[in-house]
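In what follows, a single structure is set out as structure tokens and then discussed.
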Amino acid sequence: MDIPVIEQVKIQARLLVPLVRALQAELGEERANTIVRKALGDMFRELGEKYWRAQRAPDLGANMAPAFEKFSAGGALDYDVLKQSPDAFEVNVTGCRYAQFYRELGVPELGFLLVCSLDFPMAEGFGADVKLTRTQTIMQGASHCDFRYARVKPKGGSDTA
């Protein structure tokens, strides 16, 4: 069964939004959000690892392009690829139905917590040599999301592939 990610997010939100709200009421927003970020972050890191191992492309750009295609399926994202190379993949997301959905629910802050904040743990799953930088998101009110993936040399100076 191949359900677009945007539809998966909508289904998950029916359960996660009330759960997170209950946790926030019981534990306080900061503590609850920390627990949610850790639990979901661990899961998304593992998803990132599985995705990365399944890729056969020899470079970062070729590996990242299908990921953005998957997350944009069903009209979920409008985006422009600014750079695609063996060591970089740079994208501006200019339209986001994930953000629209969470705004319609009246909880864009939970959209950021449950969708956007998970991009970083997923990128960690791609390996120590892949770094994601993102300074803004549509979910938080910006005009676009600026995803910048780059291959970095591992700490310690050795170039292992």
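Quick one: would you say Leu132 is open to solvent by 50 Å² or more (accessible area, probe 1.4 Å), in a strand (DSSP E or B), among the hydrophobic types (A, V, I, L, M, F, W, C) and over 16 Å from Ile6 (Cβ atoms)? If you could, list the steps in order and put the result at the bottom.
Working: open to solvent by 50 Å² or more (accessible area, probe 1.4 Å): no; in a strand (DSSP E or B): yes; among the hydrophobic types (A, V, I, L, M, F, W, C): yes; over 16 Å from Ile6 (Cβ atoms): yes.
Answer is no for this residue.
Take the residues of the stretch 1-35 that are assigned to a loop (DSSP other than H, G, I, E, B) and under 21 Å from the mean Cα position of the chain (by Cα): which is nearest to Ala67 (Cα to Cα)? Even if it seems obvious, please write down each step before you answer.
So in the stretch 1-35, the residues assigned to a loop (DSSP other than H, G, I, E, B) come out as 1-4, 28.
With under 21 Å from the mean Cα position of the chain (by Cα) added as a condition, the list becomes 2-4.
On the way: Asp2: 15, Ile3: 15, Pro4: 12 Å.
Looking at the filtered set, the residue picked out is Pro4.
Considering each of Gly127, Gly48, Gly74 in turn, give the residue that is more than 16 Å from the chain's Cα centre (by Cα) and either assigned to a helix (DSSP H, G or I) or touching a residue at least 24 places away in the same chain (Cβ under 8 Å) (or both).
Working: Gly127 fails: more than 16 Å from the chain's Cα centre (by Cα); Gly48 fails: more than 16 Å from the chain's Cα centre (by Cα).
Residue meeting the stated conditions: Gly74.
Could you run through the stretch 51-71 and say how many residues are open to solvent by 40 Å² or more (accessible area, probe 1.4 Å) and either touching a Ser or Thr at 6+ places or on another chain (Cβ under 9 Å) or part of a helix (DSSP H, G or I) (or both)?
Counting residues in the stretch 51-71 that are open to solvent by 40 Å² or more (accessible area, probe 1.4 Å) and either touching a Ser or Thr at 6+ places or on another chain (Cβ under 9 Å) or part of a helix (DSSP H, G or I) (or both) gives 8.
Leu114 - would you say it is open to solvent by 10 Å² or more (accessible area, probe 1.4 Å), modelled with pLDDT of 95 or more, under 20 Å from Val20 (Cβ atoms) and out of contact with any Cys (no Cβ under 7 Å at 6 or more places or on another chain)?
Yes; evaluated as a whole, the condition is true for this residue.
Would you please name the residue that is least open to solvent (accessible area, probe 1.4 Å), looking only at residues in the stretch 135-152 that are within 23 Å of Ser85 (Cβ to Cβ) and aliphatic (A, V, I, L, M)?
The selected residue is Ala150.
Can you tell me which of Lys83, Lys38 is in a helix (DSSP H, G or I), of a type in the set (Lys, Arg), surrounded by fewer than 16 Cβ atoms within 10 Å (Cβ to Cβ) and without any contact (Cβ under 8 Å) to a residue 60 or more places away in the chain? I'd like the intermediate steps shown before the answer.
Values: Lys83 fails: in a helix (DSSP H, G or I).
Only one candidate passes the filter, namely Lys38.
The values are calculated or read from the model by the stated rules, or taken from the named source; none is laboratory data. Everything numeric in this text was worked out from a predicted model, so none of it was measured. Glycine gets a Cβ as well: all are built from the backbone with ideal geometry, and neighbour counts include every protein chain shown. Protein only, heavy atoms only, side chains kept; ligands, DNA and RNA dropped before computing areas. Shrake-Rupley method; radii C 1.70, N 1.55, O 1.52, S 1.80 Å.
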